[in-house]
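Below: one structure, written as structure tokens.
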Amino acid sequence: MKNQKPSWLYSVITAKCPRCREASMFPPGTLYSKRFADMYPQCPCCGQSFEPEPGYYYGAMYVSFGFSTGIFLVVLFVLSLLVKEVTLGMVMVTIGVIVIGLLPIMFRLSRAVWINIFIRYEGPCSQIVKK
């Protein structure tokens, strides 16, 4: 069996460490809880800091904005197919419910995308120097 490196997309969707792509960035069982924003300070496997500098994740807000814009466009398209007359209130309520429901997922995905843009994969945890 050949040893393949995990893909960038796998690392983002599963919120794995971008450096080793083995350990999770978030504690298990916290996705839909009051602690959905809790993050490990560093990778338990390779030692990569998950907050390299103060305010590092401000840029993740732009990624989250992109996700929200995509949701808005999809909702508008689906509503225009299903409803004869789309009203502003209908669009706002539908988007509000969906965005609030997906908030923990979008939060984690946007952070995972952001850190994976700047930190490159270096190999399996057993083969790289721990930070």
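The values are calculated or read from the model by the stated rules, or taken from the named source; none is laboratory data. Bear in mind the structure is a predicted one, so any value in this text is a computation, not a measurement. Reconstructed Cβ throughout: ideal geometry from the backbone, glycine too, with neighbour counts over all protein chains shown. Each accessible area value is taken on the protein alone, full model and side chains, heavy atoms only, with ligands, DNA and RNA left out. Shrake-Rupley method; radii C 1.70, N 1.55, O 1.52, S 1.80 Å.
If you go through segment 15-35 and keep only what is in a loop (DSSP other than H, G, I, E, B) and surrounded by 15 or more Cβ atoms within 10 Å (Cβ to Cβ), you end up with Ala15, Cys17, Pro18, Arg19, Cys20, Arg21, Glu22, Ala23, Met25, Phe26, Thr30. The single condition among (1) under 23 Å from Gln127 (Cα atoms); (2) open to solvent by 80 Å² or more (accessible area, probe 1.4 Å); (3) in a helix (DSSP H, G or I) that Val12 does not meet is (2). So which of Gly55, Gly59, Gly101, Gly70 ends up being out of contact with any Gly (no Cβ under 8 Å at 6 or more places or on another chain) and at positive phi? Of Gly55, Gly59, Gly101, Gly70, the one residue that is out of contact with any Gly (no Cβ under 8 Å at 6 or more places or on another chain) and at positive phi is Gly55.
In segment 58-130, counting only helices (runs of 4 or more DSSP H) that sit wholly within it, the ones holding 3 or more residues that are of a type outside the set (Lys, Arg) and over 24 Å from the mean Cα position of the chain (by Cα) span 60-82, 88-101.
Condition test on Pro41, is it within 29 Å of Val129 (Cα to Cα), in contact with a strand residue (DSSP E or B) (Cβ under 8 Å, 6 or more places away or on another chain) and free of Cβ contacts under 8 Å to residues at least 24 places away in the same chain? Against the criterion (within 29 Å of Val129 (Cα to Cα), in contact with a strand residue (DSSP E or B) (Cβ under 8 Å, 6 or more places away or on another chain) and free of Cβ contacts under 8 Å to residues at least 24 places away in the same chain), Pro41 qualifies. Selection within segment 75-112: residues that are surrounded by fewer than 16 Cβ atoms within 10 Å (Cβ to Cβ) and hydroxyl-bearing (Ser, Thr, Tyr). The member of this set that is nearest to Cys17 (Cα to Cα) is Ser80.
Residue pairs whose Cβ atoms lie under 6 Å apart, sitting 6 or more positions apart in sequence or on different chains, and linking a residue in segment 88-113 that is over 27 Å from Tyr10 (Cβ atoms) to a partner that is assigned to a helix (DSSP H, G or I), are Thr94/Val75; Ile95/Phe72; Ile95/Val75.
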